1. Could you tell me which GluC sites (Glu not before Pro) in the range 1-76 are loop residues by DSSP with no more than 14 other beta carbons within 10 angstrom of their beta carbon?
2. Going by the alpha-carbon gyration tensor, a ≥ b ≥ c the square roots of its eigenvalues, is the range 15-54 rounded (a/c under 1.5) or, if a/c is not under 1.5, prolate (a/b greater than b/c) versus oblate?
3. Can you show me the helix-derived [θ] at 222 nm for the chain, built from DSSP H runs with n ≥ 4 at -39,500 (n - 2.57) apiece and divided by the number of residues, rounded to the nearest 500.
4. N123 versus T62, label points 7 Å from Cα toward the beta carbon: distance in nm?
5. Which residues' amide hydrogens lie under 5 Å from the amide hydrogen of I29, considering only partners 5 or more residues apart or on another chain, with H built in the peptide plane?
6. Pop a pseudo-label 7 angstrom from the Cα along the beta-carbon direction at both N12 and I29 and give the gap in nm to one decimal.
7. For a quick check: with amide H placed at 1.01 Å from N, whose amide H comes under 5 Å from Y35's, ignoring anything fewer than 5 positions away on the same chain?
8. So, in Å, what gap is there between the alpha-carbon centers of the range 138-197 and the range 240-307?
Amino acid sequence: TGYVTLDSGYKNTGATKSAITFLDGEEGILRYRGYPIEQLAERSNFLEVAYLLIYGSLPTQTELDNFAHQITTHTLVHEDVRKIFDGFPSAAHPMGILSSLICSLTAFYPKSLDPNQSPEETNLNIIRLIAKISTIAAWSYKNSVGHPLNYPRNDLDYCSNFLYMMFAFPTEKYEINPVVVSALNKLLILHADHEQNCSTSTVRLVGSANASLYGSVSAGVNALWGPLHGGANQEVMEMLEAIQQDGGNTQKWVDKAKDKNDSFRLMGFGHRVYKNFDPRAKIIKKAADDVLKALGIDDPLLKIAQELEQAALTDPYFVERKLYPNVDFYSGIIYRAIGIPTEMFTVLFAMGRLPGWIAQWKEMRENKEPIGRPRQIYTGELERDYVGIEQR
Ligand code: CMC
């Protein structure tokens, strides 16, 4: 193992070449295929960004219409998927349901398992996945609250259809609020890719064994679920609620995060790559303000979040370590304002990150990258003789 260098957590190891997302952590720059995240969040919509990430350039109107049409016509899931839902207890976390059901698509579309599938077949699986994730996600919520499931509506755009499936109730008229649709588009765009983060690296690593797109993305969902990764958005909300119940003393919680004898970390703070403001957090902070105003909501948790941010940003512990708010810090405030329950926050992150996972999986396949197989520095016993159980 003389030639193996150790890099725990791959802090300095580039695992691949990629032409999808540019990230400069020192300067706080994020670009998808060269386009600044600020411009995309302001002017684009989620499906257009998904197209950009997956196919490499912004679509023409015809290309976008065609892409959106294909996705709309694949949103239905096989009726047998409903039977799988019935097997989950209502307390099941929706992320567990999401990863299981994405993986179950391999059973409904077995051609997806063929590593030599045609580009048309791959494209069909890409379309199916983007289409069906919204139905599966909305149903996982309906299942958790015991409400009847809503079938997708082809007359609605991607975000509106998801909101309809999440919130429409048979006994009530459901009206789509454009403020909510626009906020959702923005959040999904901001989450759509982030180069070789934990879940994306997982998707690439699993996919490098020629595993199917569904299997690879299902693995990515599980990686994202972890509280140090996408699961942090749920943790942030729970932390803000705990601070509120504790009397709102934000400095006390900042001190708790600094205490090395306490495993608590300030959720939504710090990042492996950003040693400056996370550009997504800047956009989300402003969007949270705008959305709350537009919806006429006065959320006391926003004030707590702002105070907490201020307390941390002026504390030498956080300053020295260059710990800034990340994408997860303010996103929950918006999710909450548009009615998304806390347990669904990470599912929304997964829906947003899906085009990134797909683009990275596709890039890896097209570049014919070798199977991912890290080495190790062995630290165990060198050699010993087997001892019979009676002599141990
Ligand atoms: N609260 C308190 N201390 C922190 C925090 C925090 N949130 N984040 C990092 N530190 C400290 C850490 O204890 C260490 O201190 P010391 O040098 O004294 O040992 C130093 O800062 C460096 O941290 P690290 O753990 O070595 O950094 P990392 O790059 O391995 O971890 C991180 C990055 C995001 C996992 C970490 O900052 C963290 O746990 N943050 C809270 C969870 C979170 O918000 N995750 C979302 C990440 S962004 C979007 C996403 O991926 O989903």
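Just so you know, all these numbers are worked out from the coordinates, no wet-lab data involved. Just so you know, these numbers come straight off a predicted model, no measurement behind them. Here the Cβ positions follow ideal geometry from the backbone for every residue, glycine too, while neighbour counts run over all protein chains shown.
1. E26, E27
2. oblate
3. -18000 deg cm²/dmol
4. Output for this residue pair reads 1.4 nm.
5. Those lying under 5 Å, H to H, from I29 are D24.
6. If labels sit at N12 and I29, their model points lie 2.3 nm apart.
7. Answer set, sorted by chain and number: none.
8. 25 Å
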